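Asker: Before I ask anything, here is the structure I am working with.
The values are calculated or read from the model by the stated rules, or taken from the named source; none is laboratory data. The structure presented is a predicted model; accordingly, all values stated were derived computationally and were not measured. Note that we place each Cβ from the backbone using ideal geometry, even for glycine, and neighbour counts take in every protein chain shown. Side chains are part of the model used for accessible areas, which takes the heavy atoms of the whole protein and leaves out ligands, DNA and RNA. Shrake-Rupley method; radii C 1.70, N 1.55, O 1.52, S 1.80 Å.
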Amino acid sequence: RPSPLSPAAVVGAGLGGSAAAYFLQQHFGPQVQLDVYEAAGVGGRLATVTVNKQQYESRGASIHALSLHMQDFVKILGLKHRREVAGKSAIFSGEHFVLEETDWYLLNLFRLWWHYGISFLRLQMWVEEVMEKFMRIYKYQAHGYAFSSLEELLRSLGGEAFVNMTQRSVAESLLEVGVTQRFVDDVIAAVLRSSYGQSVLVPAFAGAMSLAGAQGSTWAVEGGNKLVCSGLLKLTKANVISARVTGISLHSSEGRALYQVHYESTEGQGSAFYDMVVVTTPLHPSRSNFTFENFDPPIADFPGAFQPSVTSVVHGYLNSSYFGFPDPKLFPFTSILTTDTPDLFFHAMDNICPVNISAAFRRKQPQEAAVWRVLSQQPLDKHQLKTLFRSYYSVQVTEWQTYPRYDAAKALPPIVLHENLFYLSGVEWVASSMEMIAVAAKNVALLAYNRWHQDLEKIDQKDLMHKVKTEL
């Protein structure tokens, strides 16, 4: 019987790190001492900005209704769903709106139908089929099954077809099931620009996840999505160390791997030893200069780059005439997506609500000053801001490298870097959403637990659908 695990380290306190800490404690038990290293602030990309004493999400704003782990976290932590404030969307081509949403659900359907015929239905069927298979993961995880690679995880859900969906574009997959090029150019492009800031060349799997979010009902956490991270870390009583991890070196003691985590904090440099380490920050050279020492064979470099993206939170008066509405009172949209047009300098913009919505809250009228979040690839210059806004009080800019640059035909990063050294962020190369990260965190915790206890029956099992049915 293996000796009890302690201590373990988690690198990063974003959603991946806090969920990994929570699931590790769930499986290994409360006696595991957990150190969580975080250089910036708990919550990672789930950050907020303050405008006029109110907080607004600067990124990662909506969570899909089928996100079962996120739903669970909110329940366990006693958090609440933020009240929905209705609003309408439209897709802008740089010259006119190619699609406008109305208050009437049936009229919206009719418009989609009128413009794009059966494409819209084919898209829905395609997304639903992917989601239905993806949802099997919850059953597998409830039975304690884990996967040692992203390919194995995908294979168990949707066979080779799912693995192939990480290697070919969403455009190619949709054209194959009979969606028209026009629908891809107008609608699919706009959704992917607003979620990933990239084109219809993103892989089909990442595309399907993003499109599921666009057509399903979504929600957010009252008080800010980052409360999930701080809540999970509090719940696990993890020891949060505010330091930047610079590398990991391998030592062995009594025939067992021992990992030395090296870090830099305001007090200088330090290090500590662990039985197990889970890395939840991206290991790509463009994002971190992380070193691995004494590993034989050495831990390889991670290919791939990240997409720069810029969020500008602007408090000001929308220039509705740029969108073809000379009278601002008549501007009906709270969210504007854009097609892939060379001259368009922004991906999407929406009139956002604060993270705390009181019962009395109402959206600003279109002619009033409101808080808009503009997503773009480059920071907006004065001229571009003046194009979108008649005038503004403040602009807060956050530049990130949020999403992988999804150029197809990359191999997926590994999950297991060494015996008890795991990598969580690689999952974003499959698809990047809060729920994908939570699923990956649960998988890493189960994988770590099953490997520690030599329970190989629970790792990379074939034909799981059948196994799980017979276990019930």
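Asker: Quick one, can you get me the convex hull of the C-alpha atoms of the stretch 326-368 expressed as volume per residue in Å³?
Answerer: Spelled out: Cα convex hull of the stretch 326-368, divided by residues, is 105 Å³.
Asker: Determine the calculated [θ] at 222 nm for the chain from helices alone, applying -39500 (n - 2.57) to every DSSP H run no shorter than 4 residues and normalising by the residue count; nearest 500 deg cm²/dmol.
Answerer: Only helices count here, giving -9500 deg cm²/dmol.
Asker: Extent of the stretch 337-410 along each principal axis, from alpha carbon coordinates, in Å, largest to smallest?
Answerer: Result for the stretch 337-410: principal-axis Cα extents of 50, 30, 22 Å.
Asker: How big is the shadow of the Cα convex hull of the stretch 1-67, averaged over all directions, in nm²?
Answerer: 6.7 nm²
Asker: Also: Sum up the charges of everything whose Cβ sits under 13 Å from the Cβ of Y263, counting Lys and Arg as +1 and Asp and Glu as -1, but leave Y263 out.
Answerer: -3
Asker: How big is the stretch 203-265 on each of its three principal axes, counting only the C-alpha atoms and giving the largest first in Å?
Answerer: Sorted from largest, the Cα extents of the stretch 203-265 read 53, 33, 23 Å.
Asker: Write down the Å³ per residue value for the convex hull defined by the alpha carbon atoms of the stretch 331-472.
Answerer: Working: hull volume 34.1 nm³, N = 142.
Spread over its residues, the Cα hull of the stretch 331-472 gives 240 Å³ apiece.
Asker: Please identify which residues in the stretch 190-228 have an amide N closer than 20 Å to a label point set 7 Å out from the Cα of T341, following the Cα→Cβ vector.
Answerer: 190-201
Asker: Can you run phi through the Karplus equation (6.51, -1.76, 1.60; θ = phi - 60°) for the stretch 132-140 and list ³J(HN,Hα) in whole Hz, with x for Gly and Pro?
Answerer: 4, 6, 4, 5, 4, 4, 5, 5, 4
Asker: Loop only by DSSP, 16 or fewer other Cβ within 10 Å of the Cβ. Give me the GluC sites (Glu not before Pro) in the stretch 159-229 that pass, ordered by residue number.
Answerer: E222
Asker: Once label points are set 7 Å from the Cα along Cα→Cβ at both Y138 and E399, what is their separation, rounded to one decimal in nm?
Answerer: Between Y138 and E399, the label points sit 4.0 nm apart.
Asker: I've got another one for you. Ignoring ligands, DNA and RNA, please state the percent of accessible area on the chain from carbon and sulfur, probe 1.4 Å.
Answerer: 53 percent
Asker: Could you give the length gained by full extension between Q215 and H466, i.e. 0.36 nm per residue of separation minus their alpha carbon distance, to one decimal place?
Answerer: Taking 0.36 nm per residue and subtracting the Cα distance, the gain is 87.3 nm.
Asker: Equivalent-ellipsoid semi-axes (√(5λ), Cα gyration tensor) for the stretch 180-221, whole Å, largest first?
Answerer: Numbers: eigenvalues 69, 25, 17 Å².
So the three semi-axes of the stretch 180-221 are 19, 11, 9 Å.
Asker: If you put +1 on each Lys and Arg Cβ and -1 on each Asp and Glu Cβ, how big is the dipole of the chain around its Cα centre, in Debye rounded to 20?
Answerer: The dipole magnitude comes to about 1220 debye.
Asker: Quick check: from the Cα gyration tensor, does the stretch 234-379 come out rounded (a/c under 1.5), prolate or oblate?
Answerer: prolate
Asker: Could you tell me which residue out of L153, V228, L464 lies farthest along the dipole of the chain toward its positive end? Charges go on the beta carbon: Lys and Arg +1, Asp and Glu -1, centred on the Cα centre.
Answerer: Value: V228.
Asker: So which of K80/K364; K75/K442; K88/K226 end up more than 20 Å apart, counting from Cα to Cα?
Answerer: Listed pairs above 20 Å: K80/K364; K88/K226.
Asker: Further, regarding this structure: What is the angle, in °, between the Cα long axis of helix 150-164 and the longest principal axis of the Cα atoms in the chain? Nearest 10 is fine, range 0 to 90.
Answerer: Helix 150-164 and the main axis of the chain meet at about 50 degrees.
Asker: Which percent of the Cα-Cα distances in the chain go past 31 Å?
Answerer: 45 percent
Asker: Here's another thing I want to ask about it. Placing +1 at every Lys and Arg Cβ and -1 at every Asp and Glu Cβ, with all other atoms neutral, what dipole size does the stretch 74-185 have around its Cα centre, in debye to the nearest 20?
Answerer: 540 debye
Asker: Let me ask another. Please list, by residue number, every one of the chymotrypsin sites (Phe, Trp or Tyr not before Pro) in the stretch 39-107 that is coil in DSSP and has at most 14 other beta-carbon atoms within 10 Å.
Answerer: On the way: sites: Y56, F73, F92, F97, W104, Y105; in loops: W104.
Sites meeting the loop and neighbour criteria: W104.
Asker: Which of the trypsin sites (Lys or Arg not before Pro) found in the stretch 4-73 are loop residues per DSSP with 12 or fewer other Cβ atoms within 10 Å of their Cβ?
Answerer: When the trypsin sites (Lys or Arg not before Pro) of the stretch 4-73 are filtered for loop state and at most 12 Cβ neighbours within 10 Å, K53 remain.
Asker: Once the Cα atoms of the stretch 68-218 are picked out, what are the Rg and Dmax in Å?
Answerer: 17.3, 53
Asker: Additional query: Quick one: grab Rg to one decimal and Dmax as a whole number for the stretch 1-125, Cα atoms only, in Å.
Answerer: Over the stretch 1-125's Cα set, Rg and Dmax evaluate to 21.9, 68 Å.
Asker: Hey, another quick one. Let's see if you can work this out: charge +1 on each Lys and Arg Cβ, -1 on each Asp and Glu Cβ, no other charges. What is the dipole magnitude of the stretch 1-129 about its Cα centre, in debye to the nearest 20?
Answerer: 320 debye
Asker: Follow-up. So in the chain, what percent of DSSP beta bridges are antiparallel if you round to the nearest 5?
Answerer: On the way: 56 of 78 bridges.
Taking every DSSP beta bridge within the chain, about 70 percent pair in antiparallel fashion.
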